[in-house]
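The values are calculated or read from the model by the stated rules, or taken from the named source; none is laboratory data. Predicted model, so just to flag it, every value in this text is computed and none were measured. Cβ: placed from backbone, ideal geometry, glycine included. Neighbour counts: every protein chain shown. The accessibility values were calculated without ligands, DNA or RNA, using every heavy atom of the protein model including side chains. Shrake-Rupley method; radii C 1.70, N 1.55, O 1.52, S 1.80 Å.
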Amino acid sequence: IKSLVPDALANWQPKEGEVLADAFVREMAAFDDEKTALMAEAEKDDMVLRFVGSIDVVNKKCSVKLDKYPKTHPFAGTQYADNIVAFDTERYVPQPLVIQGPGAGAAVTAAGIYADFLRIVDQCPEGK
């Protein structure tokens with residue numbers, strides 16, 4: 001797994017009283033030139049950058065990383081908070097089965113996590 005967060009900020013903490021998100025965005029600005037160069041390199045090759053997770057069932061391997069994709073690849077057409085899954089299987093060759101749609105958004109995701117938390121609490125024995 002290769003995080004989008006630079007190694008220099010992996011254990012970063014905001015100063016006392018700072019709003020986490022605002023402070024983090026300010027810290028990330030120092031890495032804008034690096035990301036801009038990666039985007040320019042991809043564009044030069046007629047490609048785009050996407051942060052993608054991949055599962056290779058046959059070889060039992062997975063990865064999550066920022067990588068270049070041709071502008072014709074299904075991942076290249078994503079926008080905003082789109083989620084996309086491409087299934088490359090023996091039945092979907094040479095074109096993968098693609099499922100794409102908007103992400104749930106912050107409120108729906110938070111509600112789902114909270115509901116999961118409540119289910120876990122319900123399963124815990126009393127007093128623990």
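Points worth noting:
- Condition check for LYS35: of a type in the set (Lys, Arg) and in a strand (DSSP E or B): no
- Given (1) assigned to a loop (DSSP other than H, G, I, E, B); (2) open to solvent by 60 Å² or more (accessible area, probe 1.4 Å), number of the condition THR89 does not satisfy: (2)
- Test: LEU38 is open to solvent by less than 80 Å² (accessible area, probe 1.4 Å), closer than 21 Å to THR109 by Cβ, out of contact with any Ser or Thr (no Cβ under 6 Å at 6 or more places or on another chain) and not small (Gly, Ala, Ser): no
- Residue, farthest from GLY101 (Cα to Cα), within segment 58-70, restricted to residues that are open to solvent by less than 90 Å² (accessible area, probe 1.4 Å) and either part of a loop (DSSP other than H, G, I, E, B) or free of Cβ contacts under 8 Å to residues at least 24 places away in the same chain (or both): ASP67
- ILE84 being of a type outside the set (Asp, Glu), surrounded by 10 or more Cβ atoms within 10 Å (Cβ to Cβ), without any contact (Cβ under 8 Å) to a residue 24 or more places away in the chain and at negative phi: yes
- Per the listing ILE55, ILE99, ILE84, ILE113, the residue uniquely part of a helix (DSSP H, G or I) and β-branched (Val, Ile, Thr) is ILE113.
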